[in-house]
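The values are calculated or read from the model by the stated rules, or taken from the named source; none is laboratory data. This is a predicted model, so every value here is computed, not measured. Every residue, glycine among them, receives a Cβ derived from its backbone with ideal geometry; neighbour counts consider all protein chains shown. We work out accessible area using only protein heavy atoms, side chains counted, and drop any ligands, DNA or RNA first. Shrake-Rupley method; radii C 1.70, N 1.55, O 1.52, S 1.80 Å.
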Amino acid sequence: MQDLYEVLGVRKNATLSEIKRAYREKVKLLHPDISGDVSHADEFNRVVQAYRVLSDARQRSIFDESYAMRTTYRQKVDSFDYYKWLSEREDEESRAKLIFYTLMHQKEDEAVAEFKRMQMTHADFSLKKWFTRDDFMDFGYILCEELAIRGEYYDAFLLLEQIIQMEYSYKYFNLFFPEVIEFTLEILHKNIDLTISDELALDVYERALDLNFGRKEDRFFFKKMSEEYRRLGDYAVADICLRESLK
């Protein structure tokens, strides 16, 4: 997690006026329409995101608490072999934390393998139970990407579903959220039909209908559900879904 105070160049206890002043100065230097230089687009976006968080009292409080926890976490990791300690524990919380720890330390294969193992051995396994909302959304999205790379599209979608529902309830990703939606729709359009079983595909499309992607996408989901039901031999329901796709 990046230090947003450092991004704006202000102290941790900066007043709102100081934050606004620092933001205006940064914008003058980085905004492409003002500076005429488009090479600082990423830095400009970081500044905008930092300002949005730090200028809002609630979001600033959440960031302060989360950043302090991560700092403490890093200090603990430095003092002993945290990876070894997690690896030797079998409780669900430790295994969940091991998944995200390995994911963020260039051990992506191990993270995905452990995630799959926990799902197979623990019917009610849930990552979000053991993390703050923000951490689950950040690390969960990265895990989704790794799952998709390995062809685990069903699991990737289920995680994305949770992330999207969280974002709807309280905005966190903001500017980044369209990328989350685009990634999810790409999986739904390209990696579900004829890639996973018909039963799992139906589950995915039915869940997708509840994610408010819009009527155009809902028609696509109903069309795919019609095809899945037809392959399963349920022609009556297939016809119902087909009619829904034409509305």
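Each residue, K247 and E90, gets one label point 7 Å from its Cα in the Cβ direction; the gap between the two is 5.1 nm. One entry in [x] 131; [y] 159; [z] 115 is volume of the Cα convex hull per residue in Å³ calculated from the shown coordinates; its label is [y]. Of the residues E114, E18, ranked by 1.4 Å probe accessible area with the largest first, the sequence reads E18, E114. Ligands, DNA and RNA excluded, the heavy atoms of E186 present near 90 Å² of accessible surface to a 1.4 Å solvent probe. All other residues whose Cβ lies under 13 angstrom from that of Q119 are scored, Lys and Arg at +1 and Asp and Glu at -1, for a net of -2. Among the aspartates and glutamates, select those whose C-alpha is under 15 Å from the C-alpha of K129, and discard any that sit fewer than 8 residues away in the same chain. Answer for K129, where 15 Å is the Cα cut-off: D91, E92, E93, D138, listed by chain and number.
Per-residue extension of 0.36 nm, minus the Cα-Cα distance of Y83 and N45, leaves a gain of 10.3 nm for this segment. Net charge in the neighbourhood of R21 (other residues with Cβ under 15 Å of its Cβ; Lys, Arg +1, Asp, Glu -1) is +3.
Checking the cross-link filter: which aspartates and glutamates have an alpha carbon closer than 14 Å to that of K216, excluding same-chain neighbours under 8 positions apart? Hits, sequence-local ones excluded: E244.
Taking the accessible area of the chain, probe 1.4 Å, and keeping the other protein chains in place, the carbon and sulfur fraction comes to 52%.
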